[in-house]
């Protein structure tokens, strides 16, 4: 009896489905497609944070699995590459005016990488490029990642940079039993009592800012 064909439509972090086609998580999008992904993240992120406060499973297609810091990054980038309908727009009305039809062929190639590779924080960073550790000298963009790692503390953590109304924010999932999404400003991070989260080059746990390879180095 022949085995059934591998399904290709399911959401990878909900169903754990793997694609049979080759994929490349380092593939770079065109400048126009990059701008779309960033714009989509900026539009959807505030609603994702609001819904999460109501229910841990309120966000569209983000199920109970892979709900951690890297899972949040994967969710936002993966969702930006999907086609959406009235059900989605009802939940995220700020995205209604966005359309990605012109980028469908680009996204189809990259989706396979983001679907097949169930990224941990370290795997997500390996699919990104290091751009520096001195926050003050970097021009951060939506989609950039702050990476923290400590072997001693058994810590691997990422925060996602998002621009909302021209202001920079850092959003992240706590990745623990609290199961919370949080949003911080740079001033918030610098004021935290726990210095492990200080995004400073002198903090050995802060490993720097990384940019997912789908984005270019141009700012």
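The set of residues in the range 119-143 being under 13 Å from residue 207 (Cβ atoms) and either crowded, with 19+ Cβ neighbours inside 10 Å or within 12 Å of the chain's Cα centre (by Cα) (or both) consists of 121, 124, 125, 128, 135.
Somewhere in the range 123-131, is a residue within 22 Å of residue 185 (Cβ to Cβ) and either free of Cβ contacts under 8 Å to residues at least 24 places away in the same chain or not in a helix (DSSP H, G or I) (or both)? Scanning the range 123-131 turns up at least one residue that is within 22 Å of residue 185 (Cβ to Cβ) and either free of Cβ contacts under 8 Å to residues at least 24 places away in the same chain or not in a helix (DSSP H, G or I) (or both).
Among the residues of the range 37-94, those identified as surrounded by fewer than 17 Cβ atoms within 10 Å (Cβ to Cβ), at pLDDT 90 or above and not in a helix (DSSP H, G or I) are 82, 83, 85.
Of everything in the range 175-187 that is touching a residue at least 12 places away in the same chain (Cβ under 8 Å) and more than 13 Å from residue 53 (Cβ to Cβ), the residue that is nearest to the chain's Cα centre (by Cα) is 175. Within the bounds of the range 146-155, is there any residue that is closer than 20 Å to residue 48 by Cα and either in contact with a strand residue (DSSP E or B) (Cβ under 8 Å, 6 or more places away or on another chain) or without any contact (Cβ under 8 Å) to a residue 60 or more places away in the chain (or both)? Yes: one or more hits. Looking only at the range 186-218, residues that are part of a loop (DSSP other than H, G, I, E, B) and in contact with a helix residue (DSSP H, G or I) (Cβ under 9 Å, 6 or more places away or on another chain) come to 10 in all.
The values are calculated or read from the model by the stated rules, or taken from the named source; none is laboratory data. Computed from a prediction, not measured in an experiment: that's the story for all the values here. Reconstructed Cβ throughout: ideal geometry from the backbone, glycine too, with neighbour counts over all protein chains shown.
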